[in-house]
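Before any comments, here is the structure.
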Amino acid sequence: MINYHPNEQLLLLHIKGELPLSMSLAVSAHAELCDICHKSLSLLTNEQTVEAFNIDSFSNDSTTDIDMDLLLEKMLDSTLDELDSTPHRPVDKGTFEVSVKGESYTLPRAFRHQINAQWQGIGKVSRLRLNTGEEKARASLLHIAADGEIPEHTHKGSELTLLLAGEFSDKFNSYKPGDFMLLDENHEHSPKTMSGCLCYTIVDAPLYFTKGFSKLLNPIGELIY
């Protein structure tokens, strides 16, 4: 079960097209994995569509008001019925795979136009940059091989992690595919995985490593984040 989701404000900004591409990709990909947020996006989209048509402009015609209310009710009921009857959506044939460290992963359709780079990394951690055209935010696919770990760190800015496959845990919790996590400078953690994982990540400032030899990376953090 997915335990962590984008909040309603993020979903609404996504529908309105007001999120940067990196974050919009995260919300879209999460909704492909999460039936709850897929349903929420559908309902919010319907609400925004009705608002855009400015139903209040028909207030001088009571008959039209009644007809529009009935149409809206029918539309929402139909959407709910359709979603409830398909709690597990079939995998779309348009999905595609990436391979890293001998493992292959099927990615959400949201990333289908973004994968045009090569994996880079060291040890058990590999990263593939996604070009979202943003000046500060860095969007990437992050792979951690089995028994891998990111050293203890906090954040100079914010960090979004969407777990796409596998599992990882930190001192806060254990995470499963579809979990959507936002962290900031108030969070210090060391993600580790037993079986390996693939994540989509967005950071808008360097990580700040707090323990061991990894602290030596902090002076060059601006160059490698």
In segment 141-225, which GluC sites (Glu not before Pro) are in a loop and have at most 13 other Cβ atoms within 10 Å, using DSSP for the loop call? GLU185
Cut-off 17 Å (backbone N to label point 7 Å along Cα→Cβ of ASP184), residues of segment 134-154: 137, 154
In segment 112-197, which trypsin sites (Lys or Arg not before Pro) fall in coil by DSSP and have 14 or fewer other Cβ atoms within 10 Å? ARG112, LYS136, LYS171
Inter-label distance, nm, simple model (7 Å from Cα along the C-beta direction), ASN218/GLN9: 3.0
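A short reminder: the numbers here are calculations on the coordinates, not readings from a lab. These numbers were taken from a predicted model, which means no experiment stands behind them. Glycine also receives a Cβ, built like all others from the backbone with ideal geometry; neighbour counts cover every protein chain displayed.
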